[in-house]
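The values are calculated or read from the model by the stated rules, or taken from the named source; none is laboratory data. Quantities reported herein were computed from a predicted structural model and do not represent experimental measurements. Backbone-built Cβ (ideal geometry, glycine too); neighbour counts: all protein chains shown. To get the accessible areas, we keep the full protein, side chains included, count just its heavy atoms, and leave off ligands, DNA and RNA. Shrake-Rupley method; radii C 1.70, N 1.55, O 1.52, S 1.80 Å.
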Amino acid sequence: MRVIDGGVTTPEGYFAAGVACGLKKDNKKDLAIVCSEDISATAGVFTTNIVKGHSLQVTMEHLKSGYATAIVINSGNANACVGKQGYEDAKEIARITAEFLECDEENILVGSTGIIGVPLKMELIRPALDELVSNMSPDGGHDALEAIMTTDLVQKESAVEFDIQDKTVVIGGMAKGSGMIHPNMATMIGIITTDTNISKSLLNKALSEVVKHTFNRVSVDGDTSVCDMVIMMANGMADNPAIINEDKEYKKFKDALNHVCTELSKKIARDGEGATKLVEIKVNEASTEEDAYKVASTIAKSPLVKTAIFGEDANWGRIITAAGYSGAIFDPEKVDIYIGSLLVCKNGTAVGFDEEKAKAILQGKDVIITVNLNNGKFADRMWTCDFSYDYVKINGSYRN
């Protein structure tokens, strides 16, 4: 596997575009498309929030076939909780786009992100769809990525190439997400593309398993949104021998997909609203897989832990407290806690440590918190970020 520069249009046979239709202020791009030259085997993972946006509902319906040609995404409006009209608007976007691309309406997926409870301004979107499709190009990935961003401060994309027998194949991806992020899923939209020839059943299996330990191991603020999805398209244009069994070629594919999704997930956590640090929570030696996840997840979303990290305060008591109310079963008198490589708690008890060294570790842009439960063989980890003053500022005036 080789890491390369690129994103959703790096694999063979993909086109993208991003335009400004007026949903956002200041002529910012707010309408995107990612399109495959050929119909693609397609898989998706969706928010578990029982409240689901109308665009996401349409996509879930259209994706029952396991195939798609393109996905259209708007930012600036979530198209959620607006009644029957929201569903009809999403269907209309799919229908108009399908006419331009000369494909079936069911092969067009739709995504929306932004404010909840406000109807889409279809009078702005309808005429822009023609411009959007007309502007598609193999170089349009950056414009598409810009068009799906909301409070994101940086663009998030990743790409790798690897060999399937004598053919070079590519996986590329882009994602948006900065706030309202917590499994399962969060306010994120991820689009992954590949030119790999792989069966739709194995594509779905690989994406579901990889997302579980990447996108679903990110928490910015503990909120799970209503619009979120990760979509993966595989058009087979690399012309590799088809991956139809869980063999060594499938493992190569899954490892490469894991790399792309890991990079995108870490970029989402690093770009959390108001964040100044990327924080990785590692939990080791839990008695069950579920307990490892419970401890990591609870620590990752604890406001007191996150504010302590922002303040560069080695207040490990907040870490063990969060572990204690996580619902996991463990012996508190066996717990060891490290900040970076610095031991700050041994067997659930304070140890003497260098406060200045701890502060220096917490001053870094990347902080690792390790909790050893010493209770079993299971481990897990979460990526999160610190809570700064800016998180409140951003979310206190989101609609303004």
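Observations
- For the range 370-382, backbone phi angles converted through the Karplus equation (6.51, -1.76, 1.60; θ = phi - 60°) give residue-by-residue couplings of 10, 10, 9, 7, 6, 9, x, 10, 9, 9, 7, 7, 10 Hz, Gly and Pro being listed as x.
- The C-alpha atoms of the chain define a longest principal axis, and helix 289-300 lies at about 90 degrees to it.
- Sum of side-chain charges, Ala292 neighbourhood, beta-carbon under 10 Å (Lys, Arg +1; Asp, Glu -1): -1
- Under the convention that each Lys and Arg Cβ holds +1 and each Asp and Glu Cβ holds -1, the size of the dipole of the chain around its Cα centre is about 1080 debye.
- Apportionment of accessible area to carbon and sulfur, the chain, percent (1.4 Å): 49
- Degrees, to the nearest 10: 200-212 long Cα axis against longest axis of the chain: 30
- Potential extension, Glu356-Cys103 segment - 0.36 nm per residue separation minus Cα distance: 84.8 nm
- Heavy-atom accessible area for Thr196, with the other protein chains in place and a 1.4 Å probe, reaches approximately 0 Å².
- Under the convention that each Lys and Arg Cβ holds +1 and each Asp and Glu Cβ holds -1, the size of the dipole of the range 63-206 around its Cα centre is about 660 debye.
- Using a Gaussian network model of the chain in which every pair of alpha carbons under 10 angstrom is joined by a spring, one finds that among Gly317, Gly76, Gly140 the greatest mean-square fluctuation is at Gly317.
- Solvent exposure of the chain, expressed per residue, is 40 Å² of accessible area, with all protein chains present and a 1.4 angstrom probe.
- Unit charges at the beta carbon, dipole of the chain: most positive-side option, Gly18, Ile339, Asn315: Asn315
- Rounded to 0.05, the FRET efficiency of the Thr349 and Glu289 pair, given R0 = 25 Å and the Cβ-Cβ distance, is 0.35.
- In the elastic network of the chain, a GNM with C-alpha springs shorter than 10 Å, the most mobile of Val58, Val170, Val82 is Val82.
- Residue pairs exceeding 25 angstrom between C-alpha atoms, taken from Lys282/Lys306; Lys266/Lys359; Lys251/Lys306; Lys121/Lys267: Lys251/Lys306; Lys121/Lys267.
- Measuring against 30 Å, Cα to Cα, the residue pairs Lys91/Lys205; Lys167/Lys365; Lys84/Lys156; Lys334/Lys357 contain Lys167/Lys365; Lys84/Lys156 as the ones spanning a longer distance.
- Percentage relative contact order, the range 235-339, counting C-alpha pairs under 8 Å, at least six apart: 19
- Basic side chains Lys and Arg get +1 at the Cβ, acidic Asp and Glu get -1 at the Cβ, and with that the dipole of the range 245-301 about its Cα centre reaches some 260 debye.
- Couplings 3J(HN,Hα) for the range 105-121, derived from phi with the Karplus relation 6.51 cos²θ - 1.76 cosθ + 1.60 (θ = phi - 60°), are 4, 5, 8, 9, 9, 9, x, 9, 8, x, 6, 8, x, 10, x, 5, 8 Hz, where x marks Gly and Pro.
- Residue among Asn235, Asn216, Asn27 with the largest mean-square fluctuation in a Gaussian network model of the chain, springs linking Cα atoms under 10 Å: Asn27
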